[in-house]
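J.: Following this message is one structure expressed as C-alpha coordinates.
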Amino acid sequence: MDTLYIVVPCYNETEVLRETTRRLLDKMDRMQQAGLIDEASRILYVDDGSKDGTWELICRLHEENPRVSGVKLSRNRGHQNALLAGLMTARDRCDCAVSMDADLQDDIEVLDEFVSKYDDGCDIVYGVRSSRGNDTAFKKGTAEGFYKLMEKFGVETVYNHADYRLMSDRALNALSEFGEVNLFLRGIVPQIGYKTDTVSYVRGDRFAGESKYPLRKMLSFAMDGITSFSSKPIEMLTGFGIAVSAAAVIGLIWALIAALTGAVSGLGIWILLSVWLACGLVLTGIGIVGLYVGRTYMETKHRPRFLIETVLDSAAPDDSRTSARSASAGGTV
Ligand code: UDP
Ligand code: MG
(Lines give C-alpha, C1' and ligand atoms only; values in the text may rest on other atoms or scores of the structure.)
(Ligands and ions follow the chains in the order given, each with its own letter.)
Protein backbone atom coordinates (compact mmCIF):
# COMPACT_ATOMS: atom_id res chain seq x y z
CA MET A 1 0.00 0.00 0.00
CA ASP A 2 1.17 3.51 -0.81
CA THR A 3 1.24 6.68 1.19
CA LEU A 4 -0.58 9.27 -0.88
CA TYR A 5 -0.44 13.01 -0.23
CA ILE A 6 -3.11 15.15 -1.87
CA VAL A 7 -1.59 18.62 -2.24
CA VAL A 8 -4.12 21.46 -2.48
CA PRO A 9 -3.06 25.12 -2.86
CA CYS A 10 -5.62 27.48 -1.31
CA TYR A 11 -6.10 31.20 -1.71
CA ASN A 12 -9.13 32.63 0.10
CA GLU A 13 -10.97 29.32 -0.01
CA THR A 14 -13.02 29.36 3.24
CA GLU A 15 -16.18 28.78 1.24
CA VAL A 16 -15.04 25.44 -0.11
CA LEU A 17 -12.52 23.90 2.30
CA ARG A 18 -14.90 22.18 4.71
CA GLU A 19 -16.82 20.46 1.93
CA THR A 20 -13.60 19.66 0.03
CA THR A 21 -12.18 18.04 3.17
CA ARG A 22 -15.32 15.97 3.70
CA ARG A 23 -15.31 14.70 0.13
CA LEU A 24 -11.58 13.99 0.04
CA LEU A 25 -11.55 12.17 3.40
CA ASP A 26 -14.49 10.08 2.26
CA LYS A 27 -12.65 9.22 -0.97
CA MET A 28 -9.47 8.39 0.97
CA ASP A 29 -11.45 6.07 3.27
CA ARG A 30 -12.78 4.18 0.29
CA MET A 31 -9.32 3.97 -1.30
CA GLN A 32 -7.88 2.70 1.98
CA GLN A 33 -10.58 0.02 2.20
CA ALA A 34 -9.79 -1.00 -1.37
CA GLY A 35 -6.15 -1.47 -0.32
CA LEU A 36 -4.82 1.30 -2.58
CA ILE A 37 -3.42 3.68 0.03
CA ASP A 38 -2.36 3.37 3.66
CA GLU A 39 -3.38 5.22 6.83
CA ALA A 40 -0.38 7.57 6.66
CA SER A 41 -1.95 9.25 3.61
CA ARG A 42 -2.88 12.91 4.03
CA ILE A 43 -4.56 15.93 2.55
CA LEU A 44 -1.94 18.71 2.53
CA TYR A 45 -3.43 22.20 2.25
CA VAL A 46 -1.07 25.03 1.31
CA ASP A 47 -2.36 28.40 2.42
CA ASP A 48 -1.05 30.87 -0.14
CA GLY A 49 -1.21 33.98 2.06
CA SER A 50 -5.03 34.05 2.22
CA LYS A 51 -6.76 37.06 3.77
CA ASP A 52 -10.08 35.45 4.69
CA GLY A 53 -9.30 33.05 7.54
CA THR A 54 -8.39 30.09 5.33
CA TRP A 55 -5.42 29.22 7.58
CA GLU A 56 -7.55 29.28 10.75
CA LEU A 57 -9.95 26.90 9.02
CA ILE A 58 -7.09 24.59 8.00
CA CYS A 59 -5.89 24.56 11.65
CA ARG A 60 -9.40 23.64 12.82
CA LEU A 61 -9.70 20.88 10.21
CA HIS A 62 -6.30 19.54 11.32
CA GLU A 63 -7.46 19.45 14.96
CA GLU A 64 -10.64 17.63 13.95
CA ASN A 65 -8.79 15.08 11.84
CA PRO A 66 -5.03 14.39 11.89
CA ARG A 67 -5.25 13.22 8.28
CA VAL A 68 -5.55 16.91 7.32
CA SER A 69 -2.17 18.67 7.24
CA GLY A 70 -1.29 22.23 6.36
CA VAL A 71 1.52 24.50 5.25
CA LYS A 72 1.24 28.27 5.51
CA LEU A 73 3.20 30.51 3.16
CA SER A 74 4.44 33.83 4.52
CA ARG A 75 2.47 35.76 1.86
CA ASN A 76 0.64 35.28 -1.42
CA ARG A 77 3.10 33.80 -3.92
CA GLY A 78 0.69 32.58 -6.58
CA HIS A 79 -0.77 29.19 -7.41
CA GLN A 80 2.36 27.65 -8.98
CA ASN A 81 4.64 28.58 -6.09
CA ALA A 82 2.09 27.39 -3.54
CA LEU A 83 1.81 24.10 -5.38
CA LEU A 84 5.58 23.67 -5.46
CA ALA A 85 5.81 24.46 -1.73
CA GLY A 86 3.25 21.71 -1.05
CA LEU A 87 4.93 19.16 -3.30
CA MET A 88 8.35 19.84 -1.76
CA THR A 89 6.87 19.43 1.73
CA ALA A 90 5.19 16.18 0.70
CA ARG A 91 8.13 14.57 -1.09
CA ASP A 92 9.90 13.19 2.00
CA ARG A 93 6.67 12.04 3.57
CA CYS A 94 4.91 10.15 0.78
CA ASP A 95 5.30 7.56 -1.95
CA CYS A 96 3.31 9.67 -4.36
CA ALA A 97 1.54 13.02 -4.37
CA VAL A 98 -1.45 14.24 -6.35
CA SER A 99 -1.94 17.97 -6.86
CA MET A 100 -5.40 19.43 -7.29
CA ASP A 101 -7.40 22.64 -6.85
CA ALA A 102 -9.37 23.38 -3.71
CA ASP A 103 -12.66 23.73 -5.61
CA LEU A 104 -12.65 20.05 -6.70
CA GLN A 105 -13.34 20.95 -10.32
CA ASP A 106 -11.16 17.96 -11.13
CA ASP A 107 -13.03 14.68 -10.64
CA ILE A 108 -11.67 13.00 -7.49
CA GLU A 109 -13.18 9.64 -8.49
CA VAL A 110 -10.23 9.07 -10.85
CA LEU A 111 -7.77 9.06 -7.93
CA ASP A 112 -7.94 5.24 -7.92
CA GLU A 113 -6.78 5.21 -11.54
CA PHE A 114 -3.92 7.55 -10.69
CA VAL A 115 -2.71 5.27 -7.89
CA SER A 116 -3.18 2.07 -9.95
CA LYS A 117 -1.00 3.56 -12.69
CA TYR A 118 1.58 4.48 -10.06
CA ASP A 119 1.48 0.86 -8.85
CA ASP A 120 2.05 -0.22 -12.47
CA GLY A 121 5.35 1.66 -12.41
CA CYS A 122 4.41 5.14 -13.64
CA ASP A 123 6.28 8.02 -12.04
CA ILE A 124 4.04 10.73 -13.45
CA VAL A 125 0.34 10.43 -14.30
CA TYR A 126 -1.33 13.41 -16.01
CA GLY A 127 -5.01 14.15 -15.56
CA VAL A 128 -6.37 15.18 -18.96
CA ARG A 129 -9.75 16.88 -19.38
CA SER A 130 -11.97 15.08 -21.81
CA SER A 131 -14.46 17.92 -21.56
CA ARG A 132 -14.50 21.30 -19.89
CA GLY A 133 -17.86 21.09 -18.13
CA ASN A 134 -19.53 24.46 -18.15
CA ASP A 135 -16.44 26.58 -18.65
CA THR A 136 -17.41 29.77 -20.48
CA ALA A 137 -16.71 29.88 -24.21
CA PHE A 138 -14.13 32.58 -23.44
CA LYS A 139 -12.23 30.48 -20.89
CA LYS A 140 -12.35 27.40 -23.14
CA GLY A 141 -11.29 29.37 -26.24
CA THR A 142 -8.41 31.18 -24.51
CA ALA A 143 -7.19 28.01 -22.78
CA GLU A 144 -7.23 25.87 -25.92
CA GLY A 145 -5.69 28.69 -27.97
CA PHE A 146 -2.95 28.91 -25.34
CA TYR A 147 -2.12 25.18 -25.59
CA LYS A 148 -1.93 25.49 -29.40
CA LEU A 149 0.30 28.57 -29.15
CA MET A 150 2.62 26.77 -26.75
CA GLU A 151 2.88 23.91 -29.21
CA LYS A 152 3.74 26.33 -32.05
CA PHE A 153 6.44 27.84 -29.87
CA GLY A 154 7.92 24.39 -29.32
CA VAL A 155 7.06 24.12 -25.61
CA GLU A 156 6.31 20.55 -24.63
CA THR A 157 3.04 20.42 -22.66
CA VAL A 158 0.29 17.84 -22.28
CA TYR A 159 -2.81 19.01 -24.17
CA ASN A 160 -5.73 19.87 -21.87
CA HIS A 161 -3.81 18.96 -18.74
CA ALA A 162 -3.81 21.50 -15.93
CA ASP A 163 -2.12 20.76 -12.62
CA TYR A 164 -4.12 17.66 -11.70
CA ARG A 165 -1.40 15.02 -11.70
CA LEU A 166 0.30 12.34 -9.69
CA MET A 167 4.04 12.37 -9.12
CA SER A 168 6.13 9.70 -7.41
CA ASP A 169 8.66 10.70 -4.75
CA ARG A 170 11.37 10.05 -7.34
CA ALA A 171 9.72 12.47 -9.80
CA LEU A 172 9.34 15.01 -6.96
CA ASN A 173 13.05 14.76 -6.19
CA ALA A 174 13.76 15.35 -9.87
CA LEU A 175 11.44 18.36 -9.81
CA SER A 176 13.40 19.81 -6.89
CA GLU A 177 16.45 20.01 -9.17
CA PHE A 178 14.79 22.60 -11.39
CA GLY A 179 15.94 25.81 -9.75
CA GLU A 180 13.92 28.32 -11.74
CA VAL A 181 12.00 31.21 -10.26
CA ASN A 182 9.42 31.77 -13.01
CA LEU A 183 7.50 28.60 -12.36
CA PHE A 184 5.45 26.95 -15.07
CA LEU A 185 4.99 23.42 -13.77
CA ARG A 186 3.05 22.22 -16.81
CA GLY A 187 6.18 22.82 -18.86
CA ILE A 188 8.73 21.59 -16.31
CA VAL A 189 7.10 18.26 -15.40
CA PRO A 190 7.15 16.83 -18.96
CA GLN A 191 10.91 17.56 -18.98
CA ILE A 192 11.44 15.13 -16.12
CA GLY A 193 10.65 12.04 -18.17
CA TYR A 194 10.38 8.55 -16.56
CA LYS A 195 7.40 6.33 -17.29
CA THR A 196 4.27 8.46 -17.66
CA ASP A 197 0.63 7.94 -18.49
CA THR A 198 -2.60 9.92 -18.63
CA VAL A 199 -6.02 9.56 -17.04
CA SER A 200 -8.95 11.35 -18.62
CA TYR A 201 -11.78 12.91 -16.64
CA VAL A 202 -14.62 15.38 -16.99
CA ARG A 203 -13.95 18.78 -15.46
CA GLY A 204 -16.86 20.05 -13.42
CA ASP A 205 -17.78 23.46 -12.05
CA ARG A 206 -16.46 25.20 -8.96
CA PHE A 207 -19.02 24.16 -6.33
CA ALA A 208 -18.72 27.37 -4.29
CA GLY A 209 -16.84 30.65 -4.30
CA GLU A 210 -15.30 32.42 -7.29
CA SER A 211 -12.32 31.78 -9.52
CA LYS A 212 -9.05 33.06 -8.04
CA TYR A 213 -7.59 33.29 -11.55
CA PRO A 214 -8.69 36.61 -13.08
CA LEU A 215 -7.67 37.40 -16.66
CA ARG A 216 -4.65 39.40 -15.41
CA LYS A 217 -3.22 36.35 -13.59
CA MET A 218 -4.03 34.09 -16.54
CA LEU A 219 -2.12 36.33 -18.95
CA SER A 220 0.93 36.56 -16.70
CA PHE A 221 0.82 32.77 -16.29
CA ALA A 222 0.73 32.36 -20.08
CA MET A 223 3.68 34.75 -20.47
CA ASP A 224 5.64 32.76 -17.89
CA GLY A 225 4.89 29.59 -19.83
CA ILE A 226 6.13 30.95 -23.14
CA THR A 227 9.15 32.91 -21.95
CA SER A 228 10.40 30.15 -19.62
CA PHE A 229 10.63 27.55 -22.33
CA SER A 230 10.87 29.16 -25.71
CA SER A 231 13.20 31.57 -27.45
CA LYS A 232 10.91 31.42 -30.53
CA PRO A 233 9.76 35.06 -30.05
CA ILE A 234 13.39 36.21 -30.32
CA GLU A 235 13.98 33.93 -33.31
CA MET A 236 10.88 35.41 -34.94
CA LEU A 237 12.25 38.92 -34.38
CA THR A 238 15.57 37.96 -35.97
CA GLY A 239 13.73 36.35 -38.90
CA PHE A 240 11.62 39.47 -39.37
CA GLY A 241 14.72 41.69 -39.28
CA ILE A 242 16.43 39.55 -41.94
CA ALA A 243 13.30 39.63 -44.13
CA VAL A 244 13.07 43.45 -43.91
CA SER A 245 16.78 43.83 -44.70
CA ALA A 246 16.51 41.46 -47.65
CA ALA A 247 13.46 43.33 -49.01
CA ALA A 248 15.37 46.63 -48.68
CA VAL A 249 18.43 45.23 -50.51
CA ILE A 250 16.24 43.93 -53.36
CA GLY A 251 14.53 47.35 -53.48
CA LEU A 252 17.91 49.12 -53.60
CA ILE A 253 19.09 46.94 -56.50
CA TRP A 254 15.86 47.68 -58.32
CA ALA A 255 16.22 51.41 -57.63
CA LEU A 256 19.80 51.35 -58.91
CA ILE A 257 18.73 49.67 -62.16
CA ALA A 258 15.80 52.07 -62.47
CA ALA A 259 18.10 55.07 -61.92
CA LEU A 260 20.64 53.83 -64.48
CA THR A 261 17.96 53.26 -67.10
CA GLY A 262 16.45 56.63 -66.27
CA ALA A 263 13.09 55.15 -65.29
CA VAL A 264 13.10 56.76 -61.83
CA SER A 265 14.81 59.94 -60.66
CA GLY A 266 14.94 61.81 -57.38
CA LEU A 267 16.15 60.98 -53.89
CA GLY A 268 12.86 59.87 -52.29
CA ILE A 269 13.13 56.19 -53.14
CA TRP A 270 16.74 56.04 -51.87
CA ILE A 271 15.84 57.61 -48.55
CA LEU A 272 12.87 55.27 -48.12
CA LEU A 273 14.87 52.14 -48.91
CA SER A 274 17.78 53.24 -46.71
CA VAL A 275 15.40 53.62 -43.77
CA TRP A 276 14.07 50.12 -44.46
CA LEU A 277 17.56 48.69 -44.62
CA ALA A 278 18.62 50.44 -41.42
CA CYS A 279 15.52 49.21 -39.57
CA GLY A 280 16.03 45.68 -40.86
CA LEU A 281 19.66 45.63 -39.75
CA VAL A 282 18.83 47.04 -36.30
CA LEU A 283 16.08 44.42 -35.83
CA THR A 284 18.43 41.64 -36.90
CA GLY A 285 21.09 42.95 -34.52
CA ILE A 286 18.67 43.10 -31.59
CA GLY A 287 17.50 39.59 -32.46
CA ILE A 288 21.03 38.21 -32.48
CA VAL A 289 21.83 39.86 -29.14
CA GLY A 290 18.50 38.46 -27.90
CA LEU A 291 19.52 34.94 -28.87
CA TYR A 292 22.62 35.22 -26.68
CA VAL A 293 20.64 36.78 -23.84
CA GLY A 294 18.12 33.94 -24.23
CA ARG A 295 20.91 31.36 -23.94
CA THR A 296 22.27 33.09 -20.83
CA TYR A 297 18.78 33.13 -19.37
CA MET A 298 18.42 29.39 -19.92
CA GLU A 299 21.84 28.82 -18.31
CA THR A 300 20.88 30.80 -15.22
CA LYS A 301 18.02 28.38 -14.58
CA HIS A 302 20.51 25.61 -13.75
CA ARG A 303 18.13 22.95 -14.93
CA PRO A 304 19.43 19.39 -14.63
CA ARG A 305 21.07 18.30 -17.88
CA PHE A 306 19.91 14.72 -17.40
CA LEU A 307 18.16 12.51 -14.86
CA ILE A 308 19.22 8.88 -14.60
CA GLU A 309 16.37 6.40 -14.49
CA THR A 310 18.31 3.16 -13.96
CA VAL A 311 21.98 2.14 -13.66
CA LEU A 312 22.91 -1.39 -14.67
CA ASP A 313 26.30 -2.23 -13.21
CA SER A 314 27.40 -5.19 -11.07
CA ALA A 315 29.94 -3.05 -9.19
CA ALA A 316 28.67 -0.72 -6.49
CA PRO A 317 30.13 2.80 -6.49
CA ASP A 318 33.23 2.92 -4.30
CA ASP A 319 33.59 6.22 -2.46
CA SER A 320 37.19 5.60 -1.42
CA ARG A 321 38.29 5.28 -5.07
CA THR A 322 36.86 8.63 -6.09
CA SER A 323 38.14 10.38 -2.99
CA ALA A 324 41.68 8.97 -3.50
CA ARG A 325 41.65 10.22 -7.11
CA SER A 326 40.26 13.63 -6.29
CA ALA A 327 42.75 14.01 -3.43
CA SER A 328 45.70 13.40 -5.77
CA ALA A 329 44.13 15.59 -8.46
CA GLY A 330 43.68 18.28 -5.84
CA GLY A 331 47.36 17.99 -4.93
CA THR A 332 48.59 18.63 -8.46
CA VAL A 333 46.42 21.64 -9.18
N1 UDP B 1 -4.69 29.70 -5.89
C2 UDP B 1 -3.57 29.93 -5.10
N3 UDP B 1 -2.96 31.15 -5.15
C4 UDP B 1 -3.41 32.16 -5.96
C5 UDP B 1 -4.54 31.90 -6.79
C6 UDP B 1 -5.15 30.66 -6.74
O7 UDP B 1 -3.14 29.05 -4.35
O8 UDP B 1 -2.83 33.24 -5.96
C9 UDP B 1 -5.35 28.38 -5.83
C10 UDP B 1 -6.83 28.41 -5.58
O11 UDP B 1 -7.13 28.48 -4.20
C12 UDP B 1 -7.28 27.10 -6.20
C13 UDP B 1 -6.31 26.91 -7.35
O14 UDP B 1 -5.22 27.78 -7.08
O15 UDP B 1 -7.14 26.00 -5.31
C16 UDP B 1 -6.91 27.23 -8.69
O17 UDP B 1 -7.62 28.44 -8.64
P18 UDP B 1 -9.08 28.61 -9.25
O19 UDP B 1 -9.89 27.37 -9.00
O20 UDP B 1 -9.67 29.86 -8.70
O21 UDP B 1 -8.75 28.77 -10.79
P22 UDP B 1 -9.68 28.36 -12.05
O23 UDP B 1 -10.12 26.95 -11.81
O24 UDP B 1 -10.80 29.32 -12.07
O25 UDP B 1 -8.76 28.51 -13.22
MG1 MG C 1 -10.98 26.19 -10.18
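The values are calculated or read from the model by the stated rules, or taken from the named source; none is laboratory data. For clarity, every value in this text was computed on a predicted model and none was experimentally measured. Note: ideal-geometry Cβ built from the backbone for every residue, glycine included; neighbour counts use all protein chains shown. The protein model used for the area step is the full one, side chains on, heavy atoms only, and it has no ligands, DNA or RNA in it. Shrake-Rupley method; radii C 1.70, N 1.55, O 1.52, S 1.80 Å.
J.: Of the listed peptides 5-17, 181-193, what is their order by residue-averaged count of other C-beta atoms within 10 Å, with the highest listed first? Mind showing how you got there, number by number?
T.: Working: 5-17: 24.0, 181-193: 18.2.
Per-residue mean Cβ counts within 10 Å order the peptides as 5-17, 181-193.
J.: About the Cα centre of segment 120-187, what is the dipole size in debye to 20, counting +1 per Lys and Arg Cβ and -1 per Asp and Glu Cβ, all else neutral? Mind dumping the intermediate values first?
T.: Numbers: 9 positive and 10 negative charges, 88 e Å.
Charge dipole, segment 120-187, about its Cα centre: 420 debye, nearest 20.
J.: Okay, next question. Sort 302, 79, 161 from largest to smallest accessible area, using a 1.4 Å probe on the heavy atoms of the protein chains. It would help to have the intermediate numbers written out before the result.
T.: Values: 302 140, 79 40, 161 5 Å².
Output order, biggest surface exposure first: 302, 79, 161.
J.: Take the eigenvalues of the Cα gyration tensor for segment 82-160, scale each by 5, and report the square roots as semi-axes in whole Å, largest first.
T.: Details: eigenvalues 132, 52, 39 Å².
Semi-axes (√(5λ), whole Å): 26, 16, 14.
J.: In whole Hz and in residue order, list the ³J(HN,Hα) couplings for segment 162-179 that follow from phi through the Karplus curve 6.51 cos²θ - 1.76 cosθ + 1.60, θ = phi - 60°; x for Gly and Pro.
T.: 3J(HN,Hα) across segment 162-179, in whole Hz: 9, 10, 8, 7, 9, 10, 6, 4, 5, 5, 5, 5, 5, 4, 5, 7, 8, x.
J.: Oh, and also: Just for the chain, what percent of DSSP beta bridges are antiparallel, to the closest 5? Working shown, then result.
T.: Working: 8 of 31 bridges.
Around 25 percent antiparallel, to the nearest 5.
J.: So how strong a dipole does segment 1-149 carry about its Cα centre when Lys and Arg Cβ are +1 and Asp and Glu Cβ are -1, to the nearest 20 debye?
T.: Numbers: 20 positive and 28 negative charges, 118 e Å.
Dipole of segment 1-149, to the nearest 20 debye: 560 debye.
J.: Ok, one more. Please report the spacing between the Cα centers of segment 262-282 and segment 182-223 in Å, no decimals.
T.: 50 Å
J.: Between the alpha-carbon centers of segment 6-61 and segment 114-179, tell me the distance in whole angstrom.
T.: For segment 6-61 versus segment 114-179, the Cα centre distance is 21 Å.
J.: Between residue 38 and residues 5 or more places away or on another chain, which pairs have amide H atoms under 5 Å apart, with H built 1.01 Å from N, and which residues are they?
T.: Answer set, sorted by chain and number: 2, 3, 4.
J.: Using a 1.4 angstrom probe on the protein heavy atoms only, line up 267, 149, 87, 36 by accessible area, largest first.
T.: Details: 267 125, 149 75, 87 0, 36 30 Å².
So, going from the largest accessible area down, we get 267, 149, 36, 87.
J.: Using r as the Cβ-Cβ distance of residue 23 and residue 309, and R0 as 35 Å, what FRET efficiency do you calculate, to the nearest 0.05?
T.: On the way: r = 36 Å, r/R0 = 1.02.
The calculated FRET efficiency here is 0.50.
J.: Tell me the GluC sites (Glu not before Pro) within segment 141-213 that lie in a loop according to DSSP and have at most 13 other beta-carbon atoms within 10 Å.
T.: Working: sites: 144, 151, 156, 177, 180, 210; in loops: 156, 177, 180, 210.
Counting only loop positions with at most 13 other Cβ atoms within 10 Å, the GluC sites (Glu not before Pro) in segment 141-213 are 156, 177, 210.
J.: Right, next: When only the heavy atoms of the protein chains count and the probe is 1.4 Å, how do 254, 55 rank by accessible area, highest first? Each step should come with its number before you reach the end.
T.: Details: 254 140, 55 60 Å².
These residues rank, largest area first, as 254, 55.
J.: Let me ask you something else. Please list, or write none, the aspartates and glutamates whose alpha carbon is within less than 18 Å of the alpha carbon of residue 117, excluding same-chain residues fewer than 8 places away.
T.: 2, 38, 95, 106, 107, 109, 163, 169, 197, 309
J.: Taking a quarter of the surface of the convex hull around the Cα atoms of the chain, what do you get in nm²? Don't skip to the answer; put the middle values down first.
T.: Details: hull surface 110.5 nm².
Approximately 27.6 nm², given one-decimal rounding.
J.: In the chain, with Lys and Arg counted as +1 and Asp and Glu as -1 at Cβ, which of these residues, 111, 65, 199, has the Cα nearest the positive end of the dipole, that is, farthest along it?
T.: It is 199, whose Cα lies furthest towards the positive end.
J.: Right, something else. Report the gain in length on full extension from residue 223 to residue 180: 0.36 nm times residue separation, minus Cα-Cα distance, nm rounded to one decimal. Write down the numbers at each step before the final one.
T.: On the way: separation 43, 0.36 × 43 = 15.48 nm, distance 1.49 nm.
Length difference between fully extended and current span is 14.0 nm.
J.: Separate question: Taking θ = phi - 60°, what integer Hz values does the Karplus form 6.51 cos²θ - 1.76 cosθ + 1.60 yield along segment 239-254, in sequence order, with x for Gly and Pro?
T.: Using θ = phi - 60°, the values come out as x, 5, x, 5, 5, 5, 4, 4, 4, 5, 5, 4, x, 5, 4, 4 Hz.
J.: Convert each backbone phi in segment 43-59 into a coupling constant with the Karplus relation 6.51 cos²θ - 1.76 cosθ + 1.60 (shift: θ = phi - 60°), then list the ³J(HN,Hα) values in order as whole Hz, x for Gly and Pro.
T.: Running phi through 6.51 cos²θ - 1.76 cosθ + 1.60 with θ = phi - 60° gives 9, 10, 8, 10, 7, 8, x, 5, 10, 10, x, 4, 5, 4, 5, 4, 4 Hz.
J.: Continuing with this model, one more query. Write down the Å³ per residue value for the convex hull defined by the alpha carbon atoms of segment 1-147.
T.: Numbers: hull volume 18.7 nm³, N = 147.
About 127 Å³ per residue, rounded to a whole number.
J.: So, one more: For segment 1-55, compute Rh as the Kirkwood radius over C-alpha pairs and then the Stokes-Einstein diffusion coefficient at 20 °C and 1.002 mPa s; write the answer in µm²/s, rounded to an integer. Could you put the intermediate results ahead of the total?
T.: On the way: Rh = 12.0 Å.
D = 179 µm²/s.
J.: Positive end of the dipole of the chain, charges at C-beta (+1 Lys, Arg; -1 Asp, Glu), about the Cα centre: which of 17, 90, 175 has its Cα farthest in that direction?
T.: Value: 175.
J.: Something else: Let's see if you can work this out: charge +1 on each Lys and Arg Cβ, -1 on each Asp and Glu Cβ, no other charges. What is the dipole magnitude of segment 155-204 about its Cα centre, in debye to the nearest 20?
T.: Values: 5 positive and 6 negative charges, 37 e Å.
Value, rounded to 20: 180 debye.
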